[in-house]
Amino acid sequence: MLLNRDDWYETSRDLDWTFSYVDPNEVFPASWSGAGDVPADAWQDWEEPFRVSYRDYVRIQREKEGGVKAVGNALSRAGVFEKLDPAHLASAHLHLGGTCMVEQMAITMQSRFCRFAPTPKWRNLGVFGMLDETRHAQLDLRFAHELLKVDPRFDWTLKAFHTNEWGIRAVKAFFDDIMLNADCVEAALAVSLTVEHGFTNMQFVALAADAMAAGDINWSNLLSSIQTDEARHAQQGFPTLAVLMEHDPERAQQAIDVAFWRSTRLFQTLTGPAMDYYTPLEQRKMSFKEFMLEWIVNHHERILEDYGLKKPWYWDDFLRSLETAHHSMHLGMWWYRPTLFFKPNAGVSPAEREWLREKYPTWERDFGYIWDQIIANVQAGDVPATLPETLPVLCNVTHLPIGGACAPHELAEHKSEYKGKVYRFDSHISKWCFDVDPERYADHPTVVDRFLAGDIQPMDLPGALAWMGITPDVMGDDVYDYAWAREYVNA
Amino acid sequence: MTIIELESDAALDVDHVGPVIRAGRLAECVIDAVAADNPDRDVVVVDRDDYVRIHTRGRCRLTRESLERALGEAFQLEALEIEMPSFKGRLRTRTDEFLWYLTTSDGEA
Amino acid sequence: MALFPVTGRYIGDHIPHLVAADTDDTMDELAAMVARHSVGKKVPVPPGGPVYDVYIGGRRIDPGVTLGALGLSPMAWVDVVPRGAEAP
Ligand SMILES: [Fe+2]
Ligand SMILES: [Fe+2]
């Protein structure tokens, strides 16, 4: 009789042996494993929630792959892409440019788990994680490659991370740090738990639901298929958290509080505008705030609490930022549209504005007057007055514009001095992230720091656009050519 | 035990746990199987068109036996992953049973 | 005379801007440079016309004072409000 997996599983993953001619600390240096002060035998309690065997993995992944391919083939024959709303396309451009190479970086992170994780059970799972992330990067590239012939912006799936575009640099600043530069334990807390168990659901499940409603079945299917891998390999984080809660809970709490805020800021930039402005009004499922409450507050945070973690100390400010921050980011991104590699929708036609007011009671007070001024200028035929003439100022932690984390009336200066230099932040929370670990951020100049250092020549906006790699064929502009502004009568 | 279909925008109880399945036949069968496997609990279903939350409070069992009965064919629980982009709760997977749970819920007992 | 960049925030705009000022600029000149990126673009022209006050660290600075006389560090945060409006 065939053994069932439960009978042989524990033996199959027990791949450790006793080192006889080399010091274990040399095989698993703490700088890579991140084991820190956790005693070596504590890792024996590490027990994966989601079991995986190689035989099942291959069979299941093959089936997933067949499903994605079948949907893709059927839809490219049906010419579905050509029928999509152009505003929705910005979500796909932004997603692929902003995350394809993060998937590629995740391969390196998972392979670090394979080699250096402090228990053989985790090293074993890292193998599957590594194969998963290889799949994600390749799926994105294949998807984008097929669309290149109809839309050159899909080239940025591969290209974006090889440019200095400011938003991409913000994404890179975070993932360089937590994926490429982090030891296994820190990566588990910041990536497996915070990003993969928490925030990627916003993009890969919730936004995928919007994309499905918008008729982008192929992309939506790709996203949720990728997330079926994420949901599984994110589970590597929980047994690691359990060990840390036993032996070094302060470290777990701080690492997660930092990663949670940095993720919040990035997804307010990536998912917020995509849900509340780029998704056509009729197809919006819920608002970004409502999805955040579902996926981050009720879903993600509840599980962390079950392990004994406290909510981040800035929880009330986090909730408050859900009302404002992504609206400010969206307004800034639209204003700086020549610095984008996609065409953003302003998303403030009279009907869309009605929806925003209903979903966000303070939207009109916080941002309405700014859009009114923009609308008046468009109606007066003065589009140049709706375009930037200088750079914003960027946060030294998130690399995102200062002002993008709150409403205008909440905007205040946040700064720290470190080794004789002044660093500026988009919020008191980003300032706290810096203050608890300044070395992590101090040597990473923002685009504005580079500009001031004279790295960007000529020192003007065209010079900055050239430095960022923005070319005329992809440069952003209002996707509907301001038709939404002309819908206002006597504005 | 009842199956309660929540309005799409209804607030979820934070202590509800269980799988999130892509809309389709498998999701329907998982609802029936979860109902059979958790006779002492209400099954809360939140249908968001593209994905479906199938949750019970504090603790949610899904057995191969119930799912196979609902599907009317053999099914390995590992393959649930193909249609499961997310799930809520701590998880324990065995050949014949997946279990989602919280250790700090009053609905856990 | 030397280039002196500041973080210029016009009250009501949602972001401050990088403003390439000069140490010889008076507060009136600096205010106009900051306002240029916001007034009539993202906030309405103030009823009293394009005349402004500069606040630094919550203190109103005399309109004739030059930027270089203030001993600030580069990228200092500068608030600009319509003349006579309340302190930010
Ligand atoms: Fe991935
Ligand atoms: Fe991942």
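Quick notes on this one:
- Spin-label pair A:VAL22/A:TRP313, simplified geometry with 7 Å Cα→Cβ offset, distance in nm: 4.1 nm
- For residues of A:326-339, the mean tally of beta carbons on other chains within 10 Å: 1
- Accessible carbon and sulfur surface of region C:3-82 relative to its total accessible area, %, 1.4 Å: 59 percent
- DSSP bridge analysis restricted to region C:3-82 gives an antiparallel fraction near 70%, rounded to the nearest 5.
- Protection proxy ranking, peptides A:67-73, A:285-291, A:261-267, A:379-385, average beta carbon neighbours within 10 Å, highest first: A:261-267, A:285-291, A:67-73, A:379-385
- Interface area, A with B, accessible, probe 1.4 Å, both sides summed, Å² nearest 100: 3300 Å²
- Net lengthening on full extension, A:ALA442/A:LYS69 (0.36 nm per residue, minus Cα-Cα): 129.8 nm
- Shielding by partners, peptide A:283-289 (average Cβ within 10 angstrom, other chains): 1
- For the peptides B:100-106, A:151-157, C:6-12, residues were scored by their other Cβ atoms within 10 Å and the scores averaged per peptide; the highest-first order is C:6-12, A:151-157, B:100-106.
- Computed extension gain for A:VAL127 through A:MET459, at 0.36 nm per residue and net of the alpha carbon distance, reaches 114.8 nm.
- Value of [θ]222 nm, deg cm²/dmol, for chain A, DSSP H segments ≥ 4, -39500 (n - 2.57) each, nearest 500: -16500 deg cm²/dmol
- Check: the protein assembly as shown dipole with +1 on Lys, Arg Cβ and -1 on Asp, Glu Cβ, in debye: 880 debye
- Contact surface C-A: accessible area buried, both sides summed, square angstrom, 1.4 angstrom probe: 2200 Å²
- Residues in region C:15-50 that a label on C:ALA69 would reach, taking backbone N under 16 Å of a point 7 Å out along Cα→Cβ: C:22-31
- Taking the 1.4 Å solvent-accessible surface of region B:3-101 as the whole, the part contributed by carbon and sulfur is 43%.
- The mean accessible area for residues of chain B, using a 1.4 Å probe and ignoring ligands and nucleic acids, is 40 Å² per residue.
- Counting DSSP beta bridges with both ends in the protein assembly as shown, the antiparallel % (nearest 5): 80 percent
- Largest mean-square fluctuation among B:PHE75, B:PHE98, B:PHE87, in a Gaussian network model of chain B whose springs join Cα atoms under 10 Å apart, belongs to B:PHE75.
- Take region A:58-489 with all the other protein chains still there, run a 1.4 Å probe, and you get 32 Å² of accessible area per residue.
- Chain-alone versus full-assembly comparison, region A:416-432, residues with accessible loss of at least 10 Å² (1.4 Å probe): A:VAL422, A:ARG424
- Averaged over the residues of B:47-54, the number of partner chain Cβ atoms lying within 10 Å of the residue Cβ comes to 5.
- Among the protein heavy atoms of chain A, carbon and sulfur supply 55% of the accessible surface, probe 1.4 Å, non-protein parts ignored.
- Estimated FRET transfer efficiency when R0 is 56 angstrom, pair B:GLU73-A:GLU250 (beta carbons, to 0.05): 0.65
- Average Cα contact separation per residue, region B:3-101, under 8 Å, 6 or more apart, as relative contact order %: 34 percent
- Computed over chain A, relative contact order equals 17 percent, with contacts defined as Cα pairs under 8 Å that lie 6+ residues apart.
- Distance in nm between pseudo-label sites at B:ASP47 and A:SER111 (7 Å out along the Cβ direction from Cα): 4.6 nm
- Contact order relative to length of chain C, as percent, for alpha carbon pairs under 8 angstrom and 6 or more apart: 37 percent
The values are calculated or read from the model by the stated rules, or taken from the named source; none is laboratory data. Note that the coordinates shown come from a computational prediction; the quantities given were computed from them, not determined experimentally. Here Cβ is always computed from backbone atoms with ideal geometry, including for glycine, and neighbour counts include all displayed protein chains. When the accessible area is computed, the model is the full protein with side chains, heavy atoms only, and any ligands, DNA or RNA have been set aside. Shrake-Rupley method; radii C 1.70, N 1.55, O 1.52, S 1.80 Å.
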